[in-house]
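Values in this text are rule-based calculations from the coordinates and carry no lab data. Every value quoted in this text rests on a predicted model; they were computed, and no experiment measured them. Every residue, glycine as well, gets a Cβ built from its backbone with ideal geometry; the counts of neighbours run over all protein chains shown.
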Amino acid sequence: MEDDKKPNLNSDGDKKKREGSPMAMAGIGFEFVASILLFVVGGYYLDEYLKTSPLWLLVGFFFGFGFSFYSLIKKAKENE
């Protein structure tokens, strides 16, 4: 009965989340989408302010996508 309450430990003995858990994957997906949206919304408002539509919206999309992809690769290397 008490074995059910043991924390999940990885091979190093740390109390880290399992890399393949559904919640970890959902968190990575949320971070990916949220980063892109943040940069796109920032680009949209910058376009509205500077009257340069759609320049900064597109720049924001590509920066957001690049940042998200970089973050995804960084997390993948940490979990190796």
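Details
- Vicinal HN-Hα couplings computed from phi for segment 28-37 (Karplus, 6.51 cos²θ - 1.76 cosθ + 1.60; Hz; Gly/Pro x): 5, x, 5, 5, 4, 5, 5, 5, 4, 4
- Sites F67 and M25 - FRET efficiency at Förster radius 25 Å, r taken between beta-carbons, to 0.05: 0.85
- Along segment 59-67 the Karplus relation, 6.51 cos²θ - 1.76 cosθ + 1.60 evaluated at θ = phi - 60°, assigns HN-Hα couplings of 4, x, 4, 5, 5, x, 5, x, 4 Hz to successive residues, with x for each Gly and Pro.
- 3J(HN,Hα) couplings calculated from phi for segment 69-80 with the Karplus curve 6.51 cos²θ - 1.76 cosθ + 1.60 (θ = phi - 60°) are, in sequence order, 5, 4, 5, 5, 5, 4, 5, 5, 5, 5, 8, 5 Hz; Gly and Pro show x.
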